[in-house]
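For reference, the structure is listed below as structure tokens.
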Amino acid sequence: MSNCARPIALEDGDGLVVVDVQNDFLPGGSLAVPGGDEVIAPLNTLLAQFGRRGLPVFATRDWHPADHCSFKARGGPWPPHCVSGTRGASFASALDLPCSVSIVSKATGADQDAYSGFGGTDLDLRLRELGARRLFVGGLATDYCVLNTVRDARRLGYEVVLFEDAIRAVDVNAGDGARAVSEMRQLGTIVTSTGAMASSP
Ligand code: VGL
Ligand code: ZN
């Protein structure tokens, strides 16, 4: 263990939420997040642990039409990214998602953006149906979709465990990622790393 905190053991009611680990957010992608590929190994560790316990796994994805309002051509802040059905929108092939993964597509309409996995989706309903009360979160990007997903999760009453080794920030402004992590901590999120998981070697 790298810290002195009690190890985290998975329990019934835990759910893993993998946020937007899509090719366009990885190095070489159209909206590449620096070090974005580094989240894959720690997420695979969590995926294996959730798989062994038979606990539910959710994967959110940005799933935009080609004329999405967040794209520069329409006056938005971003280059085109995660256009539905393209390779850039596919989950990273190295990410070990199980066949049973519950996929949550967001910002699917041309005039609607959503950084949160809960925004305009049935994620909350699906989590409740499966009895999830504590969400383990990692993915991309810390300062956009991870932050907004965690804000909504806390507002909706979920416990949240955030894995610092399994997130990376866009950092449009220096420090955005660090500020996002402190806000999430302030909201009552447990901020830890995959090394703190009880079953890790
Ligand atoms: C995201 C910018 C634009 C994200 C999505 O997944 O964090 N960032 N669309
Ligand atoms: Zn987007």
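Points to keep in mind about this one:
- Meets criteria (in a loop (DSSP other than H, G, I, E, B), touching a residue at least 24 places away in the same chain (Cβ under 8 Å) and more than 18 Å from the chain's Cα centre (by Cα)) for LEU10: yes
- Among the numbered conditions (1) at pLDDT 95 or above; (2) away from ligand 2 (no atom under 12 Å from the Cβ), the only one that ASN3 does not meet is (1).
- Residue, surrounded by the most Cβ atoms within 10 Å (Cβ to Cβ), within the stretch 77-99, restricted to residues that are hydrophobic (A, V, I, L, M, F, W, C) and under 17 Å from GLY109 (Cα atoms): CYS82
- On inspection, ASP113 passes the criterion of being near ligand 2 (Cβ under 10 Å from one of its atoms), within 17 Å of the chain's Cα centre (by Cα) and either acidic (Asp, Glu) or more than 19 Å from VAL21 (Cβ to Cβ) (or both).
- Sole exception among (1) away from ligand 1 (no atom under 13 Å from the Cβ); (2) within 22 Å of GLU183 (Cα to Cα); (3) not charged (D, E, K, R) for GLY138, by number: (1)
- Test: VAL104 is surrounded by 18 or more Cβ atoms within 10 Å (Cβ to Cβ) and among the β-branched types (Val, Ile, Thr): yes
- Residue satisfying condition, being in contact with a Gly (Cβ under 9 Å, 6 or more places away or on another chain), among the aliphatic types (A, V, I, L, M) and away from ligand 2 (no atom under 12 Å from the Cβ), within set ALA66, ALA92: ALA92
- Exactly one residue out of ALA73, ALA66 is open to solvent by 40 Å² or more (accessible area, probe 1.4 Å) and either free of Cβ contacts under 8 Å to residues at least 12 places away in the same chain or at positive phi (or both), and it is ALA73.
- Condition check for ASP20: among the acidic types (Asp, Glu) and under 27 Å from TRP63 (Cα atoms): yes
- Test: residue in the stretch 121-130 that is within 16 Å of ligand 2 (Cβ to nearest atom) and among the hydroxyl-bearing types (Ser, Thr, Tyr): yes
- Only residues that are among the acidic types (Asp, Glu) and within 12 Å of the chain's Cα centre (by Cα) were counted across the stretch 137-182, and they come to 2.
The values are calculated or read from the model by the stated rules, or taken from the named source; none is laboratory data. Computed from a predicted model, the values in this text were never measured in an experiment. Positions of Cβ are backbone-derived with ideal geometry, glycine not excepted, and every protein chain shown enters the neighbour counts. These accessible areas exclude ligands, DNA and RNA; they are computed on the full protein's heavy atoms, side chains included. Shrake-Rupley method; radii C 1.70, N 1.55, O 1.52, S 1.80 Å.
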